[in-house]
1. Kindly establish whether GLN85 is out of contact with any strand residue (DSSP E or B) (no Cβ under 8 Å at 6 or more places or on another chain), open to solvent by 20 Å² or more (accessible area, probe 1.4 Å) and closer than 20 Å to THR239 by Cα.
2. With respect to THR440, determine if the residue is touching a Lys or Arg at 6+ places or on another chain (Cβ under 6 Å), closer than 30 Å to LYS94 by Cα and either among the polar types (S, T, N, Q) or free of Cβ contacts under 8 Å to residues at least 24 places away in the same chain (or both).
3. Checking THR229 against (1) polar (S, T, N, Q); (2) surrounded by 14 or more Cβ atoms within 10 Å (Cβ to Cβ); (3) farther than 30 Å from ALA114 by Cα: exactly one of these is not met. Which one?
4. Could you list, in sequence order, the residues of segment 181-204 that are among the hydrophobic types (A, V, I, L, M, F, W, C) and part of a loop (DSSP other than H, G, I, E, B)?
5. Criterion first (of a type in the set (A, V, I, L, M) and buried (at least 23 other Cβ atoms within 10 Å of the Cβ)) does LEU105 satisfy it?
6. Taking the options GLY300, GLY295, name whichever one is part of a helix (DSSP H, G or I) and free of Cβ contacts under 8 Å to residues at least 24 places away in the same chain.
7. Take VAL219 and tell me if it is crowded, with 24+ Cβ neighbours inside 10 Å, out of contact with any strand residue (DSSP E or B) (no Cβ under 8 Å at 6 or more places or on another chain), aliphatic (A, V, I, L, M) and under 17 Å from ALA345 (Cα atoms).
8. Go over the candidates SER70, SER43, SER10 one by one and state the one that is of a type in the set (S, T, N, Q), under 24 Å from SER515 (Cβ atoms) and open to solvent by 10 Å² or more (accessible area, probe 1.4 Å).
Amino acid sequence: MGREQLQVLSALDAAKTQWYHFTAIVIAGMGFFTDAYDLFCVSLVTKLLGRIYYHHDGAAKPGTLPPNVSAAVNGVAFCGTLAGQLFFGWLGDKLGRKKVYGMTLMVMVICSVASGLSFSDKPKAVMATLCFFRFWLGFGIGGDYPLSATIMSEYANKKTRGAFIAAVFAMQGFGILAGGMVAIIISAAFKNAFPAPAYEDGAVASTVPQADYVWRLIVMFGALPAALTYYWRMKMPETARYTALVAKNAKQAASDMSKVLQVEIEAEQEKIERISVAKGNDFGLFSKEFLHRHGLHLLGTTSTWFLLDIAFYSQNLFQKDIFSAIGWIPPAKTMNALEEVYRIARAQTLIALCSTVPGYWFTVFFIDKIGRFAIQLMGFFFMTVFMFALAIPYNHWTHKDNRIGFVIMYSLTFFFANFGPNATTFVVPAEIFPARLRSTCHGISAAAGKAGAIVGAFGFLYAAQSKDPTKTDAGYPAGIGVKNSLIVLGCVNALGMLFTLLVPESNGRSLEEMSKENEEEDNQTVEMRTHAENRTVPV
């Protein structure tokens with residue numbers, strides 16, 4: 001049976017879209033902006049680091065990072081993010097969203113700057129300090145996942161909640177574009193100021209000493225937008241749902257939301273106390289009650305995010321083949337170091353502009369119209385279809401005449417990842433769990449996703465190597481080949497469709513309805529106000 005909703009929560013659910021909703025999107029989205037910026041830049045930076053620190057005299061091709069170093073530079077941020085999601089997710093439910101929110105941002109700002117300030121000029125020292133600070137940068141970014149999603153879901157109204165949470169996540173698209181633009185501007189400026197010959201014309205001269213500043217500036221710039229939003233994060237009041245349902249402070253919740261919504265809201269301390277003593281509203285994460293009510297939901301959100309990220313992060317594997325295929329990026333030896341950064345940044349920005357960014361905004365516009373479940377199922381379905389369409393006739397796509405078709409199919413796969421499970425797996429865990437466990441459960445789901453990202457980025461880096469040991473990339477063992485890797489990814493996406501069936505639809509329903517926080521046990525005595533007189537009757 002339903003229980004009366006608190007007035008402060010009803011006011012939030014029914015609120016019209018206002019200016020504070022948009023400021024909340026920007027403030028909450030800055031973590032994702034930094035996240036995407038950092039992940040995007042590191043692929044450019046690793047090419048440059050290889051040329052600067054791993055140059056071998058007399059080699060036919062420019063230096064590249066050895067496989068273990070490359071895996072470490074890329075992988076430590078993922079490991080940090082996974083740890084941050086679990087730790088800050090738990091902390092957000094213990095201390096409150098707002099208190100923890102400033103911490104994650106400061107960690108991100110400090111570590112973004114520090115990762116560009118490596119000590120010494122020896123390759124080992126530079127890589128060790130870069131990896132150390134990238135781990136902690138990932139740790140801060142990880143905390144932003146559960147906190148941003150939870151804060152936005154608890155601030156939003158019932159009608160457009162999905163769009164608001166998806167818009168926070170869509171800030172990643174702007175982070176990718178900003179990363180591309182910053183890299184293009186810095187590399188172009190240095191390229192014009194310090195001209196250099198191509199690698200084949202002068203191996204040592206092709207990498208000017210000033211190139212060492214380029215990667216540092218690109219990496220450190222990510223701290224700027226995050227630092228700018230710190231003040232506004234500190235000014236944001238704690239969410240009413242945390243203050244009322246977890247901290248049980250009705251007066252504070254009503255006062256905070258009266259200012260935000262600019263309406264008078266009554267503090268209902270007695271009602272909060274009734275809700276908090278009601279049976280079934282005090283179970284913990286490891287209780288039978290949680291397993292009974294939300295066990296399958298948590299399995300659904302963790303498994304779908306895990307499977308999605310395997311496919312989503314393995315895209316990095318095929319990016320270099322695709323760029324070479326379209327002829328956007330000539331062979332490395334025909335360019336100098338800064339020219340290579342410029343060309344790759346330009347190509348990646350174009351791909352992001354054409355397929356990644358539009359997918360995010362399609363989700364924002366449609367999520368409250370067709371629902372989370374439909375978008376997620378459709379996204380996994382089309383990702384499966386396109387992966388198999390790329391994999392089964394793979395040899396057909398490798399012919400020069402068919403390469404443009406390959407690029408279009410590849411772009412569509414990632415359009416449907418973003419207009420599909422990449423956005424919905426982020427939105428749903430912030431809506432379906434009780435307020436006192438919401439941030440923790442979102443953190444667990446997101447950490448499962450990052451585990452999938454580690455499998456996608458590294459498992460498939462090895463798996464996609466040629467079966468012929470003579471044709472593998474330097475330092476890698478023979479794998480199962482690109483064709484078989486794509487077939488495996490198609491199966492992963494099909495499994496994602498299956499696990500989506502465990503995820504409930506939360507479209508148009510209040511958070512308390514979804515988490516059953518305003519439900520009574522049927523056999524309990526409920527206090528009910530009758531319309532005729534103000535007395536309580538047992539039901």
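1. Working: out of contact with any strand residue (DSSP E or B) (no Cβ under 8 Å at 6 or more places or on another chain): yes; open to solvent by 20 Å² or more (accessible area, probe 1.4 Å): no; closer than 20 Å to THR239 by Cα: yes.
When the stated conditions are applied, GLN85 does not pass them.
2. Numbers: touching a Lys or Arg at 6+ places or on another chain (Cβ under 6 Å): no; closer than 30 Å to LYS94 by Cα: yes; either among the polar types (S, T, N, Q) or free of Cβ contacts under 8 Å to residues at least 24 places away in the same chain (or both): yes.
It is false that THR440 is touching a Lys or Arg at 6+ places or on another chain (Cβ under 6 Å), closer than 30 Å to LYS94 by Cα and either among the polar types (S, T, N, Q) or free of Cβ contacts under 8 Å to residues at least 24 places away in the same chain (or both).
3. (3)
4. PHE194, ALA196, ALA198, ALA203, VAL204
5. Numbers: of a type in the set (A, V, I, L, M): yes; buried (at least 23 other Cβ atoms within 10 Å of the Cβ): yes.
Yes, satisfied.
6. Exactly one of GLY300, GLY295 is part of a helix (DSSP H, G or I) and free of Cβ contacts under 8 Å to residues at least 24 places away in the same chain, namely GLY295.
7. Numbers: crowded, with 24+ Cβ neighbours inside 10 Å: yes; out of contact with any strand residue (DSSP E or B) (no Cβ under 8 Å at 6 or more places or on another chain): yes; aliphatic (A, V, I, L, M): yes; under 17 Å from ALA345 (Cα atoms): yes.
For VAL219, the condition - crowded, with 24+ Cβ neighbours inside 10 Å, out of contact with any strand residue (DSSP E or B) (no Cβ under 8 Å at 6 or more places or on another chain), aliphatic (A, V, I, L, M) and under 17 Å from ALA345 (Cα atoms) - is met.
8. SER10
The values are calculated or read from the model by the stated rules, or taken from the named source; none is laboratory data. Please read all numbers here as calculations on a predicted model, not as lab measurements. Reconstructed Cβ throughout: ideal geometry from the backbone, glycine too, with neighbour counts over all protein chains shown. Quick note on the areas: whole protein, heavy atoms, side chains included, nothing else; ligands and nucleic acids left out. Shrake-Rupley method; radii C 1.70, N 1.55, O 1.52, S 1.80 Å.
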